[in-house]
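A.B. asks: Mind having a look at this structure? Questions to follow.
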Amino acid sequence: MAQAAAGKAASGEAAIKQTTKAVAEHSRTIADSAKELEKSSAQVESSADQTTRLAADRTILAAERTYASWVRTGLFSLASGIGAHALLTGVLPKWLVQADASMLVVFSIFCFGAAIWRHLNPGPPPPAPNVRRIPGLVLILVNTFLALVSAAALIGIWV
């Protein structure tokens, strides 16, 4: 009986060693898995940061396209006002020609002002972009010049 008890004890110790070895092996596997998960989460975070930066770049470029659209509309309106005055003089009553040309030129001044306002007040700030914005002073100077040209055209229409 003593021998049977000793056999059971030896077999129990072997089972404990085997279990300990299996637990240690699973612990290493879990540790390796945790390291891989950490690397993977860093890559996902890096990818999210890159996506955010690209979104900020797209926002800046969209604001510049909007600015360009306002300026294009203003220039077209200015040219239309001057053209309407030149083409309609003698065809329609003078007051109607002046009113039409004046409204188009005044609308061009509005467009130049709206371009500056829209570009300098884009709403909530995006994350830091990789693209540089057009300097605000340049926009103000260019659009002020265009508005003065429009005002000169308006004076020319009435004089």
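A.B. asks: Being surrounded by 15 or more Cβ atoms within 10 Å (Cβ to Cβ), under 17 Å from the mean Cα position of the chain (by Cα), in a helix (DSSP H, G or I) and not aliphatic (A, V, I, L, M) narrows it down to one of 53, 65, so name that one.
C.D. replies: Answer to the selection: 53.
A.B. asks: Filter the stretch 119-153 for residues that are surrounded by 12 or more Cβ atoms within 10 Å (Cβ to Cβ), in a helix (DSSP H, G or I) and of a type in the set (Val, Ile, Thr) and give the result.
C.D. replies: 140, 142, 144, 149
A.B. asks: Failed condition for residue 39, given (1) more than 14 Å from the chain's Cα centre (by Cα); (2) surrounded by 14 or more Cβ atoms within 10 Å (Cβ to Cβ), with all others met?
C.D. replies: (2)
A.B. asks: Follow-up question, since we're still on this one. Taking only pairs six or more apart or across chains, which ones have beta-carbon atoms under 8 Å, a first residue in the stretch 85-107 that is under 20 Å from residue 149 (Cβ atoms), and a second residue that is β-branched (Val, Ile, Thr) and buried (at least 17 other Cβ atoms within 10 Å of the Cβ)?
C.D. replies: What qualifies is 85/97; 85/157; 98/157; 101/82; 101/157; 102/157; 105/82; 105/157.
A.B. asks: Now a separate question. Of the residues 83, 90, 74, which is over 23 Å from the mean Cα position of the chain (by Cα), of a type outside the set (Val, Ile, Thr) and within 26 Å of residue 132 (Cα to Cα)?
C.D. replies: 74
Every number here is computed from the coordinates shown, using simple stated rules; none is lab data. Given the structure is predicted, the values throughout are model-derived calculations rather than measurements. For neighbour counting, all protein chains shown are included, and Cβ atoms are generated from backbone atoms with ideal geometry for every residue, glycine included.
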